[in-house]
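Asker: Would you mind keeping the following structure in view while I ask a few things?
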Amino acid sequence: MGVSGLADFRDEVGHSGPVCVRGGGTRWELGGPPAGGSREVRAPTGVVAFDPAEMTVVVGAGTPLADLAGALAEHRQEVALEGPPGATVGGVLAVGRSSLRRPRIGAVRDALLQADCVGADGALFTAGGPTVKNVTGYDLCRLLVGSLGTLALIGQVILRTWPSPERVLWMQGSATPEAVRDMCFRPSSALWDGQRVSVCLEGYDGDVEAEAAALGSHLGLEVAAAAPALPPHRSRWTGRLPEGCILEVGTGVVHGPVEVEAGIPGPGVVTLAARIRTGFDPDGRLNPGRDPYRIAA
C-alpha cells in the first residue's frame with residue numbers, strides 16, 4: 001500500500017462534491033448517516049510496517065481491526081483500539097470510543113501518533129509525528145479522533161502499540177468498586193451495576209493470581225468466564241445509575257438498555273466546533289450530515 005495506496009485514495013476522494021468514507025459499517029448510523037448524494041470511498045488496507053522494538057505500526061485506515069490484532073499478536077503486542085466484529089482501524093478512530101480497558105491501555109486518541117489524510121481540498125497532508133515522544137506541541141491528529149470524518153478523511157495511520165498481557169482474568173462479586181480498587185494495582189476495567197462489581201485483572205500470571213486470590217479471600221469475588229454482557233446503548237454518568245445500566249468506573253461511561261440523547265454542548269463549544277469544521281472543510285463536503293455531538297458517549 002504505502003505511498004501509492006494513499007495517492008489512489010486521494011484521487012478517489014477528489015476535490016469536489018460530497019464524499020464519505022465507509023469502513024466496516026458497524027457503527028454507520030452514529031452521528032447521523034451521511035447526507036443523500038454523498039459518494040462513498042474506502043480507505044487503503046493492510047499493515048505497511050510494524051516495528052516491535054519501537055512499538056509502532058503503520059497501517060491503512062481501512063484495515064479490519066481483527067487483521068491488525070492478528071499481525072501484532074505474533075509479537076505479543078496490541079493497540080488501544082476496540083470495536084465490534086468487522087470494525088476497521090479508521091472507523092474506530094473516527095468514532096473515538098475507547099476500550100473497556102482504558103484504565104490500563106489509555107484512551108483511543110492516545111494510540112494515534114500520525115495520520116496521513118486527504119483534506120476537503122483533495123490534497124494529502126500529514127498530522128502528528130511517527131514517534132511516541134513527539135514534542136512538537138501540535139496534536140492535530142488527535143483532533144481527528146471522534147470527528148466522524150468531518151475534518152479530514154484518514155487514509156493511513158501510525159499507531160502506538162503495547163505489550164499484550166500474559167494473563168487476563170475477569171472476576172465478579174458483591175463488593176463495591178472502591179473496595180476492589182483499593183486492593184488492586186491498576187485493574188484494567190471495573191464495572192458496576194449498582195449491586196455487583198466486575199473487574200478485569202491483567203498482567204504477569206503470578207501477579208494476576210495473587211490479586212485474584214486476595215479479591216477472593218477478602219471480598220468474596222469469584223472468577224467469571226468473561227466480561228459481563230453490556231447493554232447496547234451508551235451515555236454519560238450523571239451521578240445516578242438507572243436500573244439495568246452498567247457503569248464503567250473511572251471513565252464515566254454508562255451502558256444502558258435505552259438510548260439516551262447526547263447532551264447539548266454549551267454555545268461556546270458549538271461556536272468553536274463550527275469554526276474548526278468550517279476551517280477544515282469550508283464547503284461541507286466531508287461526511288455531510290454527520291454530527292459528532294450526536295454521539296452520546
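Asker: Two decimals is fine: what is log10 I(q)/I(0) at q = 0.19, 0.25, 0.34 Å⁻¹ for segment 1-40, from a Debye sum with one equal scatterer on every Cα and no solvent?
Answerer: So the normalised log intensities work out to -0.68, -0.92, -1.11.
Asker: What's the percent breakdown of Cα-Cα distances in segment 2-163 across 5 Å bins, shortest bin first?
Answerer: Reading upward from the zero bin: 2, 10, 19, 24, 22, 14, 7, 2, 1, 0.
Asker: Would you mind ranking 215, 143, 100 by Cβ crowding within 10 Å, fewest neighbours first?
Answerer: Lowest count first: 143, 100, 215.
Asker: Roughly how compact is segment 32-75, stated as its Cα Rg over 2.2 N^0.38 Å to two decimals?
Answerer: The value comes to 1.57.
Asker: Just to compare against my own numbers: the Cα pair-distance distribution for segment 154-243, 10 Å bins, whole % per bin, please.
Answerer: 15, 43, 26, 13, 3, 0
Asker: Nothing charged except the Cβ atoms of Lys and Arg (+1) and of Asp and Glu (-1): what's the magnitude of the dipole of the chain about its Cα centre? Round to the nearest 20 debye.
Answerer: 720 debye
Asker: Expected output is a single nm value to one decimal: the length gained when fully extending between residue 218 and residue 40, i.e. 0.36 nm times separation in residues minus the C-alpha distance. What is it?
Answerer: Full extension from residue 218 to residue 40 adds 58.5 nm.
Asker: Let me ask something else about it. What is the gain in length, in nm to one decimal, between residue 8 and residue 179 on full extension, counting 0.36 nm per residue of separation less the C-alpha to C-alpha distance?
Answerer: 56.1 nm
Asker: Using a 7 Å offset from the Cα along the Cα-to-Cβ direction at both residue 66 and residue 195, what is the distance between the two label points in nm, to one decimal?
Answerer: Calculated label separation equals 3.5 nm.
Asker: With the radius of gyration and the Kirkwood radius both derived from the Cα set of segment 190-292, what is their ratio Rg to Rh?
Answerer: Rg/Rh for segment 190-292 comes to 1.17.
Asker: Report the semi-axes of the equivalent ellipsoid for segment 103-185 in whole Å, largest first, where each axis is √(5λ) for an eigenvalue λ of the Cα gyration tensor.
Answerer: Output for segment 103-185: semi-axes of 36, 15, 12 Å.
Asker: Could I ask something else about it? Considering amide H positions built from the backbone, and no H for Pro or chain starts, which residues 5 or more places from residue 234, or on another chain, come under 5 Å of its amide H?
Answerer: For residue 234, the qualifying residues are 256, 260.
Asker: Cut-off is 10 Å between beta-carbons; in what order do 141, 184 appear when sorted fewest neighbours first?
Answerer: The order, fewest Cβ neighbours first, is 184, 141.
Asker: Starting from the Cα of residue 229, move 7 Å in the Cα-to-Cβ direction to define the label point; list residues of segment 60-103 whose amide nitrogen is under 16 Å from there.
Answerer: Answer for segment 60-103: none.
Asker: To continue, here is another question. Can you give the helix-only mean residue ellipticity at 222 nm for the chain, where every DSSP H stretch with n ≥ 4 adds -39500 (n - 2.57) and the sum goes over all residues, rounded to the nearest 500 deg cm²/dmol?
Answerer: -7000 deg cm²/dmol
Asker: Given that just one value was derived from the coordinates, which of (i) 18.9, 55; (ii) 20.3, 65; (iii) 21.5, 76 is Rg and Dmax of the Cα atoms in Å?
Answerer: (ii)
A short reminder: the numbers here are calculations on the coordinates, not readings from a lab. Quick caveat: nothing in here was measured; it's all calculated off a predicted structure. All Cβ positions, glycine included, derive from the backbone under ideal geometry; neighbour counts span all protein chains shown.
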